[in-house]
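Readers should treat all values here as calculations from the given coordinates under stated rules, not as data from a laboratory. Quick caveat: nothing in here was measured; it's all calculated off a predicted structure. Neighbour counts run over all protein chains shown; Cβ positions are idealised from the backbone, glycine included.
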Amino acid sequence: MSASAGAPLVLAIESSCDETGIALVEAGSRIRSNVVASQVALHAPTGGIVPEVAARAHLRWILPVLDEAWQGAGASWDDVSAVAVTRGPGLAGSLLVGINVAKTLAWVHEKPLVGVNHLEGHVYAAWLRDPGQAAGAEPVFPLVALVVSGGHTFLVEMTDHLTYRLLGQTVDDAAGEAFDKVGRLLDLPYPGGPSIQKAAESAVRRDARFPRAWLGDTYDFSFSGLKTAARRTVDVARADAGLREPEEALPHAVVAELAWGFQDAVVDVLVAKTIRAAREVEARSIVLGGGVAANAALRQRLAGEAEALRVPLIVPRPGLCTDNWAMIGAAGARRFAAGERAGLDLEATPSLPLAR
Ligand code: KG4
Ligand code: ZN
């Protein structure tokens, strides 16, 4: 199987954080391959990403990942229309590895080079299709997209391809970061997001109430107050249960109720702001992405409210909501189709914004 005649095939490279990913994406939507080398095990002993260690691991793995991306893709360099690469935001040393490899490949194979914003990649995941998957409902403009992950939380309006109006973003922690921190406070396994969801689903009592940071009528988000409130509530619950030693655990029923209360507060704000934005811009689609989009309560509530508003909600499968390389190919294909070309002077921009 070679690339369909005329359908541009984009080779996408992403190395913005701790995973080296390369994908081949056809026609801006069909995934031909999507390969990753993850550094999770490498960073586990330090409990966080050490930027220089991450950059060195990208350097070690990027060419083997490229080799694997070609396996089974049924395509060759002759089929490739452009090389797309994440130019930011992310860790400088990590971004530089992907950008340098992308430049070299583009130069050697005489292919156009396209720079992609990692954040727009999360939005463009909504256009992706797995191999063999039939075409589904595509997002329609104007749309609002909520991207919620461990690193980002923002709400954006798109009136056309590649045209972003940032409606709001977090002023402190990302939503996933809040899930992870509160998960730790509740002594739940890392990452906190799925653990909190699981605990919340088992809650019998659902009376715990955490503050909602509405930040007036803005579309901005804040989760740090929620984290402080969670810490205070855990302290009170421990005192009430007569627990004095750190190794004494709170009863599961209490943990479950607190997890439910925290999740409810986060979901309330995310859903309310997204729906208000969709109403205000008269959106014809709502897109949800980022790792936190795996949260069942968030998906259900947003789906219910979007349906009431009669606006289709598009949520990629979980593996395409979290960081992936195909999303860089989907966004890169749009930039390529729009005639954008990056020069070999393309730079890494660690704090690249999506829009102002
Ligand atoms: O997009 P992602 O894989 O990585 C980046 O942050 O780039 O997102 C990871 C985040 C973590 O904070 C994790 O706790 C959260 O997504 N997450 C969830 C769920 N699954 C993953 N949060 C809430 N509920 C979930 N089911
Ligand atoms: Zn991301």
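Here are a few things to note about the model shown:
- Proximal aspartates and glutamates to Lys103, defined as alpha-carbon separation beneath 14 angstrom and excluding residues fewer than eight positions away on the same chain: Glu14, Asp345, Glu347
- For the pair Ala44 and Asp268, a Förster radius of 35 Å applied to the C-beta separation gives a FRET efficiency near 0.55, rounded to the nearest 0.05.
- At most 12 other Cβ within 10 Å, DSSP loop - trypsin sites (Lys or Arg not before Pro), the range 212-245: Arg244
- Computed extension length for Asp345-Ser76: 94.2 nm, one decimal, from 0.36 nm per residue of separation with the Cα-Cα distance subtracted.
- Considering only the range 1-112, percent of DSSP beta bridges that pair antiparallel, nearest 5: 75 percent
- Length-normalised contact order of the range 167-213 in % [C-alpha pairs under 8 Å, at least 6 apart]: 22 percent
- Qualifying lysines (Cα of each under 25 Å from Cα of Lys198; at least 8 residues distant if same chain): Lys181, Lys227, Lys273
- Net charge contributed by nearby residues that have their C-beta within less than 11 Å of Val114 (K/R +1, D/E -1): +4
- Estimated distance in nm for a label pair at Arg165 and Arg60, the labels positioned 7 Å out from Cα along Cα-to-Cβ: 4.7 nm
- The magnitude of the dipole of the range 170-256, with charges of +1 and -1 set on the Cβ of Lys/Arg and Asp/Glu and taken from the Cα centre, is near 220 debye.
- Relative contact order of the range 173-323, taken over Cα pairs closer than 8 Å and 6 or more residues apart, is 25 percent.
- Dipole of the chain, positive direction: furthest Cα of Ala330, Ala348, Ala84, with charges on the beta-carbon: Ala330
- Mean Cα-pair separation over length for the chain, i.e. relative contact order, pairs under 8 Å, 6 or more apart, %: 25 percent
- HN-Hα J in Hz across the range 205-215 - Karplus 6.51, -1.76, 1.60, θ = phi - 60°, x for Gly and Pro: 8, 10, 9, 4, 10, 10, x, 9, 8, 7, 6
- Straightening the chain between Glu68 and Asp207 buys 45.0 nm, computed as 0.36 nm per residue apart minus the Cα-Cα spacing.
- Within the chain, percent of DSSP bridges classed antiparallel, to nearest 5: 60 percent
- GluC sites (Glu not before Pro), loop per DSSP, at most 11 other Cβ atoms within 10 Å - longest free stretch of the chain: 111-246
- Of the DSSP H helices in the chain, those that are both long (alpha-carbon extent of 20 Å or more along the helix axis) and hydrophobic (Kyte-Doolittle mean at least 0.0) are 51-70, 92-108, 252-280.
- The label-point distance for Phe141 and Glu52, in a model that sets each label 7 Å from Cα toward Cβ, rounds to 4.5 nm.
- Net +/- balance of residues flanking Glu52 in space, Cβ distance below 14 Å, scoring K and R +1, D and E -1: +1
- Gyration tensor (Cα) of the range 54-159, equivalent ellipsoid semi-axes in angstrom: 26, 20, 14
- Against the rule of thumb 2.2 N^0.38 Å, how large the Cα Rg of the chain comes out: 1.03
- Neighbourhood charge, 11 Å Cβ-Cβ cut-off, centred on Thr163 and excluding it, Lys, Arg +1 and Asp, Glu -1: -1
- Prolate/oblate/rounded label for the range 293-333 (Cα gyration tensor, a/c 1.5): oblate
- In this rough spin-label picture, where each label sits 7 Å from Cα along the Cβ direction, the Ala239-Arg284 distance is 5.7 nm.
- The chain - mean residue ellipticity at 222 nm from DSSP helices (-39,500 (n - 2.57) per run, n ≥ 4, rounded to 500): -13000 deg cm²/dmol
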